[in-house]
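Below: the structure, in structure tokens.
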Amino acid sequence: MICILYFSGTGITRALAEAVATGASGARLIDVEQVSGADWAALDGAEAIIFGAPTYMGSTAARFDLFLEDAASRWDTGAWVDKVAAGFTVAVHPSGDKMNALVRLAIFAAQMGMVWVGQCEIGAPVKPERVGINRDGAWLGLMATEPVSEGDRETARMFGARVAGAARRWNAG
């Protein structure tokens, strides 16, 4: 099972999470503001966790960070060691310092002993026929710019499929 853990202040990050879930073949969506005991059990049992948060003022949203602080309770027990991890973010500006948000997520995953999967889709101008795919040119994770385009949504679906494939390979055998 794949869990997509997200915070969405305006609904845009949730829409991106839904596109990632489609690509990951129906991953479980978990809103960090409504985490239940069943959600914690799902996260602890998941093969992969995909983190999603908007970029606010150069990092992940504070409400998402509060969840990460709670999740750190799994650190000393190694509960999330060797789970596949990935992340995505969205901001109003094409740069918007989104890379800092992805670095924040990747460092959290590394500290938890997780295995990070980046984004690999190449779009235009390198591949002119793929207009809108990975339009922000991100590799550490998925980035999107508001308003989220159909190309961003398609990149999100591809990203979800990539993470699901990595989780299957990592957890095989």
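The values are calculated or read from the model by the stated rules, or taken from the named source; none is laboratory data. Bear in mind the structure is a predicted one, so any value in this text is a computation, not a measurement. Positions of Cβ are backbone-derived with ideal geometry, glycine not excepted, and every protein chain shown enters the neighbour counts.
When the residues of the stretch 139-169 are filtered to those that are in a loop (DSSP other than H, G, I, E, B) and among the hydrophobic types (A, V, I, L, M, F, W, C), the one that is nearest to the chain's Cα centre (by Cα) is L140.
Whether a residue is without any contact (Cβ under 8 Å) to a residue 24 or more places away in the chain, out of contact with any Leu (no Cβ under 8 Å at 6 or more places or on another chain) and within 20 Å of L16 (Cβ to Cβ) was assessed, and A101 does not pass this test.
Annotation note: of A124, A91, the sole residue that is small (G, A, S), free of Cβ contacts under 8 Å to residues at least 60 places away in the same chain and touching a strand residue (DSSP E or B) at 6+ places or on another chain (Cβ under 6 Å) is A91. If you go through the stretch 4-18 and keep only what is of a type in the set (A, V, I, L, M, F, W, C) and surrounded by fewer than 23 Cβ atoms within 10 Å (Cβ to Cβ), you end up with I12, A15. Among the candidates G45, G26, G52, the residue that is exposed (fewer than 14 other Cβ atoms within 10 Å of the Cβ), within 19 Å of A161 (Cα to Cα) and either modelled with pLDDT under 95 or not acidic (D, E) (or both) is uniquely G26. Can you say whether D136 is outside any helix (DSSP H, G or I) and touching a residue at least 24 places away in the same chain (Cβ under 8 Å), as far as the supplied structure shows? Answer is yes for this residue.
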